[in-house]
Amino acid sequence: MGRIEVTQGDITKLKVDAIVNAANTTLRGGGGVDGAIHRAAGPGLDVACAKFGGCATGEARITPGFNLPATFIIHTPGPVWQGGHHHEASLLANSYRNSLQLAVANGCRTVAFPSISTGVYAYPLDQAAPLAIATIQHFLGNNSQLDRVTMVCFDARTYAAYQRALEQN
Ligand code: AR6
């Protein structure tokens, strides 16, 4: 079975088959990790993303990596936190699951995620981290193609939350 790894760093630097982007429903770029990915990938990425005409929350779309070391970029809008009673948990799980499904469909063996929705979208980290880890673990249990899924945490607090979730899973 493939492994989950938790690391701290900048996801745009990773040489994996696919990195996931915590996008918005327009798929036309923004701040946070989305902005960093669009800047590092170069203008070809926005041209490719424009063709999708948007993406619903929890769904995913794939593009080439353009100037990134990663082969593909998988774009998924996570849910905006609205207090927890607006299907945020199932939508966040959908983002992880649909991204992994798309990665597998495109022959990927290594995938890296940022902490979807815990920045601008304000999903509480202590709830997002165990949900992300459990969803990825469950997917790995049912799929033999993936070798490694890496959670790439930008800051120490996020890193600690995912490490704890991994230990307790
Ligand atoms: N590598 C890895 N993680 C990063 C990086 C990076 N280079 N830069 C930031 N993060 P956010 P969201 C972390 O706000 O909450 C955008 O404007 C960051 O510290 O990027 O899903 C989109 O266009 C945090 O832990 O995504 C949407 O409008 C995590 O990535 C909206 O923000 C996610 O924070 C999406 O909000």
List residues of segment 47-61, by number, whose backbone nitrogen lies under 12 Å from a label position 7 Å along Cα→C-beta of ASN67. none
With the crude spin-label approximation of a point 7 Å out along Cα→Cβ, what separation in nm comes out for ARG3 versus THR26? 4.1
Going by amide H atoms built from the backbone, whose H comes under 5 Å of the H on MET151, apart from near neighbours? GLU5, VAL6, THR7, PHE113
The chain: relative contact order from alpha carbon pairs under 8 Å, six or more residues apart, as a whole percent, is 32
How large is ³J(HN,Hα) for each residue in segment 13-22, as worked out from phi by the Karplus curve 6.51 cos²θ - 1.76 cosθ + 1.60 (θ = phi - 60°), to whole Hz, x for Gly and Pro? 8, 7, 9, 10, 5, 9, 9, 9, 10, 7
What relative contact order, as a whole-number percentage, does segment 82-169 give when Cα pairs under 8 Å and 6 or more residues apart are counted? 36
Taking amide hydrogens as modeled 1.01 Å from N in the peptide plane, which residues meet the under 5 Å criterion relative to ALA23, leaving out close sequence neighbours? THR76, GLY78
All alpha-carbon distances of segment 47-169, grouped into 5 Å bins from 0, give the whole-percent distribution 2, 11, 21, 23, 22, 14, 6, 1, 0
Loop-located trypsin sites (Lys or Arg not before Pro) in segment 27-61 whose Cβ has at most 16 other Cβ within 10 Å (DSSP): ARG28, LYS51
With all protein chains present and a 1.4 Å probe, how do GLU5, GLU167, GLU59, GLU88 order by accessible area, largest first? GLU167, GLU59, GLU5, GLU88
Using a basic spin-label model with each label point 7 Å from the Cα along Cα→Cβ, how many nm lie between ASP147 and GLU167? 2.9
By the DSSP-based rule, helices of the chain that are at least 24 Å long along the axis (C-alpha) and have a mean Kyte score of at least -0.5 are 88-105, 125-142
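The values are calculated or read from the model by the stated rules, or taken from the named source; none is laboratory data. Not measured: the values here are computed from a predicted model. Cβ: placed from backbone, ideal geometry, glycine included. Neighbour counts: every protein chain shown. Accessible surface is based on the protein model in full, side chains and every heavy atom, while ligands, DNA and RNA are left aside. Shrake-Rupley method; radii C 1.70, N 1.55, O 1.52, S 1.80 Å.
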